[in-house]
Amino acid sequence: MASRVIPVDPFDLVVFGGTGDLARRKILPALFRRYVAGQIEGDVRLIGAARSEMDATAYREMVREAILEFGGDEAGRKTELAAFLKMLDYVTLDAKGTQGWADLAAKMRTDRICAFYFSVAPSLFGDLAKRLHKHGMADDESRIVVEKPFGRDLETARALNRTLARHFHEGQIYRIDHYLGKETVQNLMAIRFGNVLFEPLWNSQYVDHIQITVAESVGVGGRGDYYDSSGAMRDMVQNHMMQLLCLIAMEPPAKFEPDAVRDEKLKVIRALDPVEPENVVRGQYEGGDAQPGYRAQVENADSLTESFVALKAHISNWRWAGTPFYLRTGKRLKERASEIAVMFKDAPHSIFGADAGRHHNILTIRLQPNEGIELGVTIKEPGPGGMRLIDVPLDMTFAEALGPEEADFPDAYERLIMDVIRGNQTLFMRGDEVEAAWAWTDPVIAEWDAQSDAPLPYASGSSGPDDALMLMHRDGRRWREIRP
Ligand code: NAD
C-alpha cells in the first residue's frame, strides 16, 4: 500500500538561478515528482529567476527538457508534465542590479506562502536577501532556502549569517544539507529513538568505535575548478559528514521538533575535541586506467587540495568518552558507497573457547546505494562439527522489506523542499550549528595551509592512501571494505 500523501498549502516558489545546473538536475525534477505524487496541487506557481534573457514559454521548454533528462520514471507522464509546466513562470533578473526586481515583486501574491530558493553562487546570497527586503518580499511569513557552501570558514559563515539576519529571522532561513533529507538518515533517528533495543547500548560502554564512510568512485569531472577551491574537508566533512556524526552521537531530543533536534546536534559539535594532526590524513588521487589524475583535472597543476580525508574524532562527553569516530571521504575510490557502521564491542567473555574466535555486532546504516539497515549478529555455523561461530547479517534493504512501492520514497530534495513549504526546519541546519562546524574544521585546514606538503597520492580505484589504513591499524582496528 502506497503511503498517504497530504497536499501542501498553495505557495509561490521563486528559484533564483532557475536556469542553472542544480535547478535543472535536482530542484525542478523534484518539484515535478511531488506534483505527480499529488503533494503539489492547485494554484501553485514556480517562478524561475535568473540572468538569461528568455520568456516564460522558453523557460517552460527548458524545464521540460530538464525533466525529461533528470525526472526519472515520472518523466514519461506527458499529461502531468504539460499541467506542471503551466505552473511555471520566469523573470529575467540581476541579483546585483535593478533589472527584474519590480517585475518579480509584482508577480508575488500575498495570500500564500512565498519561498525563495537561492540556487546561485554564494557570493550572491547577500544581494538576493537585500533586494528581497527592499522590494517588500521579505515579510515575516516568507522563507529563503540557502544552498551549500555556507561560507568557506568560520569568519565567512558568520558574515553570511549576519547579512541574512539583517533581512530574515532564523525561523525563515532554511540552510539545506541534502544528506539530512535522505530516507535512511531519518531512519537513523527512528531506529535510535523508536526502539528500546539500541539506545541502552548506544554509548562507549558497548560501542567500540564508529565508522562513517562517504566514498565516491568518480573524480572531480567538470567541477574541477569549484572543487579545487574547496576540497574534501570543506565540501564533505564540515557539512554532510558532520551532520551524520551529530545524528549518531546526539542525546535524545525531548521532541522531534526543529530546535530540540538542532540543540542536541550543536552540543555534539561543541563537545568534539580538536583534531590532532596525527589523527588526520589527506590524499589526492593519481591518474590510472586512462583516467586523468586530480591535478590534470584542475587548473592549478601543483594543487595541494585534498580529494580524500580520513580522520579520527573524539567526542568529550559522558556518553562517548573513549569511543573514537573514524570518518573518511574521497573521490575516485573503489566504489560509490556511503555508510555509517556502529561497531559494538566483543562479548565480555567467550564461553565457546578460543577456537570460536571473537565476534561482535555491527549495525550498518547504508546511505547509498541500496539504502537500508543491516545488523550483523553472531550465530552458530550450521551443521555438525561443534560450536563454530559465524557472523550473518539481518538485512533490511528497504526495497525488499517494504515492497517497491513503499520503498519508492521521495529523494532528498523532494522532501526538503516540501518541508520548506510546510515550515518545518528540523532537517535544516541552524546558523550556530554551521558556525560550530566551521570552528572545528578551520584549524585542520589552517594547519594544512601552513604546510607546503602535498596531500598523499593514492591510486584511482583504491581505498585511499595507505596512511588512512594506518590510522585504524595503529588502534588495532580496520576500515570496513568499501563496497556497495
Ligand atoms: P550554475 O552556474 O549552473 O547556475 C547559476 C545560476 O545563477 C544560473 O541560473 C545563472 O543565470 C544565475 N545567475 C548568475 N549570476 C546571476 C545574477 N547576477 N543574477 C541572477 N542570476 C544569476 O550553478 P549551480 O551548479 O546550479 O549551483 C547553484 C548553487 O547551488 C551554488 O551555490 C552551488 O554551490 C550550489 N550547489 C550546486 C550543486 C550542483 O550539483 N550543481 C550541488 C550542491 C550545491
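Shown here for segment 324-398: GluC sites (Glu not before Pro) in loop regions (DSSP other than H, G, I, E, B) with at most 16 other Cβ atoms within 10 Å, namely E335.
Per-residue packing, averaged as other Cβ atoms within 10 Å, sorts the ranges 50-60, 410-420 into the order 410-420, 50-60, beginning with the highest.
Between the amide H of L389 and those of E381, distances stay under 5 Å, these residues lying 5 or more places away or on another chain, with hydrogens modeled in the peptide plane. Applying both filters, DSSP loop and at most 15 other Cβ atoms within 10 Å, to the trypsin sites (Lys or Arg not before Pro) of segment 292-390 gives R336, R358, R388. For segment 127-279, just say rounded, prolate or oblate: build the C-alpha gyration tensor, square-root its eigenvalues into a ≥ b ≥ c, call rounded for a/c under 1.5, and beyond that prolate if a/b exceeds b/c, oblate if not. Note, shape of segment 127-279 comes out oblate. With an 8 Å cut-off on Cα pairs and a minimum separation of 6 or more residues, tell me the relative contact order of segment 11-147 in percent. So the answer I get is 31 percent. With axes computed from alpha carbons, what is the tilt in degrees of helix 125-134 against the longest principal axis of the chain, rounded to the nearest 10 within 0 to 90? Once rounded, the angle reads 40 degrees. Each listed q (0.10, 0.11, 0.13 Å⁻¹) maps to a log10 I(q)/I(0) for the chain, found by the Debye formula over equal Cα scatterers with no solvent: -0.83, -0.99, -1.35. When only Cα pairs below 8 angstrom with a gap of at least 6 residues are kept, the chain shows a relative contact order of 17 percent. Here the ratio of the Cα radius of gyration of segment 11-147 to 2.2 N^0.38 Å is 1.00. Given axes a ≥ b ≥ c from the Cα gyration tensor, I'd like to know whether segment 295-350 is rounded (a/c under 1.5), prolate (a/b larger than b/c) or oblate. Here segment 295-350 falls in the prolate category. Only lysine pairs 8 or more places apart, or on different chains, with alpha-carbon atoms under 18 angstrom apart are counted in segment 11-147, and they number 5. Each residue of segment 143-156 was assigned a 3J(HN,Hα) from its phi angle through the Karplus expression (A = 6.51, B = -1.76, C = 1.60, θ = phi - 60°), giving 9, 10, 10, 10, 7, 7, x, 9, x, 10, 6, 4, 4, 6 Hz with x at Gly and Pro. Taking each residue as 0.36 nm, the span from R474 to S350 lengthens on full extension beyond its C-alpha to C-alpha distance by 42.2 nm. With the full set of protein chains in place, find how many percent of the accessible area of the chain is carbon and sulfur; take the probe as 1.4 Å. It is 51 percent, rounded to a whole number. The amide H of L88, built 1.01 Å from its N in the peptide plane, has L46 as neighbours under 5 Å, considering only residues 5 or more places off or on other chains. In this structure the amide hydrogen of D208, modeled in the peptide plane, comes within under 5 Å of the amide hydrogens of M343, F344, K345, none closer than 5 places in sequence on its chain. In sequence order, segment 221-236 has phi-based couplings of x, x, 9, x, 6, 4, 4, 5, 8, 10, x, 4, 5, 6, 6, 10 Hz under the Karplus curve 6.51 cos²θ - 1.76 cosθ + 1.60, θ = phi - 60°, and Gly or Pro positions carry x. Label-to-label distance for S217 and A58 is 4.0 nm, based on points extended 7 Å past Cα in the beta-carbon direction. Compute the angle between helix 56-70 and the longest alpha-carbon principal axis of the chain, please, reported from 0 to 90 degrees and rounded to the nearest 10. Value to nearest ten degrees: 20. Working ranking of peptides 241-254, 111-124 by packing, defined as the average number of other Cβ atoms within 10 Å per residue, highest first, is 241-254, 111-124. Within segment 1-47, which chymotrypsin sites (Phe, Trp or Tyr not before Pro) sit in a loop by DSSP and count at most 11 neighbouring Cβ atoms inside 10 Å? Hits after loop and neighbour filter: nothing returned. Karplus-derived 3J(HN,Hα) values for segment 429-443, using 6.51 cos²θ - 1.76 cosθ + 1.60 with θ = phi - 60°, are 7, 7, x, 5, 5, 4, 5, 4, 5, 5, 4, 7, 7, 3, x Hz; glycine and proline are entered as x. Per residue, the chain exposes an accessible area of 45 Å² to a 1.4 Å probe, with every protein chain left in place.
The values are calculated or read from the model by the stated rules, or taken from the named source; none is laboratory data. Note that the structure is predicted; figures quoted are calculated from it, not measured. Counting neighbours? That spans all protein chains shown, and the Cβs are built from the backbone with ideal geometry, glycine included. With ligands, DNA and RNA removed, areas are computed over all heavy atoms of the protein, side chains included. Shrake-Rupley method; radii C 1.70, N 1.55, O 1.52, S 1.80 Å.
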